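The values are calculated or read from the model by the stated rules, or taken from the named source; none is laboratory data. Computed from a predicted model, the values in this text were never measured in an experiment. With ideal geometry, Cβ positions are generated from the backbone for all residues, glycine too; neighbour counts draw on all protein chains shown. To get the accessible areas, we keep the full protein, side chains included, count just its heavy atoms, and leave off ligands, DNA and RNA. Shrake-Rupley method; radii C 1.70, N 1.55, O 1.52, S 1.80 Å.
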Amino acid sequence: MDQKPAEISSSKMFGGYNRRFRHFSPTLGCAMTFTVYFPPSSSPSQKFPILYWLSGLSCTDENFIIKSGAQRAASSEGIALVAADTSPRGLNVEGEADNWDFGVGAGFYLNATEEKWRNWRMYDYIIKELPKVLAENFEQLDITSASISGHSMGGHGALTIYLKNLEKYKSVSAFAPIANPINCPWGQKAFSNYLGSNKSDWEEYDATSLVGKSTNISTTILIDQGENDNFLPNQLLPANFEAACKAANVPLVLRMQPGYDHSYFFIATFIDDHIHHHAQALKSS
């Protein structure tokens, strides 16, 4: 398959366009899809900063684009939204689709080291391949001015990718992130299968472990968490991340939102705040 992305669909929204693409990923060894929301342009030479969005377990690149309503604020702020898929697909690895929280739709934004899952390299795909594809094919996008956000597993991905690549992203935010995966069932299941039994390797993809190693974080991290989220007590563990940020003197705003759950209704309610949070960082750089 041609590595140049082929457009699958295009829909106008708030003056801009949601455009979905398919391309072959050498990193993952399969065809992948991604969606870009291009805000309305005032001139052919205008370049837009980027907000990468990483979705959660069982999602694709379409969930955020269809359900979040983020395009309204992105249009007014002049920010392009890039929504990626959540794992390789179509590789037919034994057991890849047996569980909704592992395998297909559950790449956890890491580079797997176990041989069976060697194609699960979403970390490299997000930080290396996808930006390169965007830079080579879309002159309207300013790859050098980017921020990152996500939900649940994607919130975990956004936090860890940001903390490990401070030079690549201006800011980070998350909705209900899996904030301390080495200490929750979802993370332990994924990490033991993708990374093996050495728990020190797991810490390289754990935001609570990473934040203490990070230096020179001046931009505030924004997290929204619904208090009625069924996954809050056992899977998400934001208090652990909050404590680690406090110990490391890392600026964090953790907003506990009464009555809200884990759904896209929650995301749609507060997404404008996150777009504005990133716009401030992107435009001040």
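The table for this structure:
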{"item": "Ranked order, Leu81, Leu254 - accessible area, probe 1.4 Å, largest first", "result": "Leu254, Leu81"}
{"item": "Tail weight of P(r) past 32 Å, computed on alpha-carbon pairs of the chain, percent", "result": "18 percent"}
{"item": "Listed peptides 155-166, 125-136 by packing density, highest first (mean Cβ within 10 Å)", "result": "155-166, 125-136"}
{"item": "Charge context of Ile182, other residues only, Cβ under 11 angstrom, K/R +1, D/E -1", "result": "-3"}
{"item": "Accessible surface of Asp142 - all protein chains present, 1.4 Å probe, nearest 10 Å²", "result": "40 Å²"}
{"item": "Coil-residue GluC sites (Glu not before Pro) of the range 160-229, DSSP, other Cβ within 10 Å capped at 11", "result": "Glu167, Glu227"}
{"item": "Backbone HN-Hα couplings from phi across the range 59-76 [Karplus 6.51/-1.76/1.60, Hz, Gly and Pro as x]", "result": "8, 10, 6, 8, 4, 5, 5, 7, 9, 7, x, 5, 5, 4, 5, 4, 5, 5"}
{"item": "For Met256, net neighbour charge (Lys/Arg +1, Asp/Glu -1) across residues whose Cβ lies under 11 Å away", "result": "-3"}
{"item": "Extreme residue, positive dipole direction of the range 160-215, given options Gln188, Phe175, Ser200 (C-beta unit charges)", "result": "Phe175"}
{"item": "Net charge, Thr33 excluded, C-beta distance under 10 Å - Lys, Arg +1, Asp, Glu -1", "result": "0"}
{"item": "Which of Trp117, Trp100 is most accessible, then next, and so on - probe 1.4 Å", "result": "Trp100, Trp117"}
{"item": "Protein accessible area in the range 18-169, 1.4 Å probe - carbon and sulfur %", "result": "45 percent"}
{"item": "Kirkwood Rh and Cα Rg combined as Rg/Rh, the range 144-254", "result": "0.95"}
{"item": "Range of Cα positions in the range 35-147 per principal axis (Å), largest first", "result": "50, 28, 20"}
{"item": "Probe 1.4 Å, all protein chains present, accessible-area order of Asp201, Asp124, largest first", "result": "Asp201, Asp124"}
{"item": "Computed helical MRE - 222 nm, the chain, DSSP H runs ≥ 4 contributing -39500 (n - 2.57), nearest 500", "result": "-8500 deg cm²/dmol"}
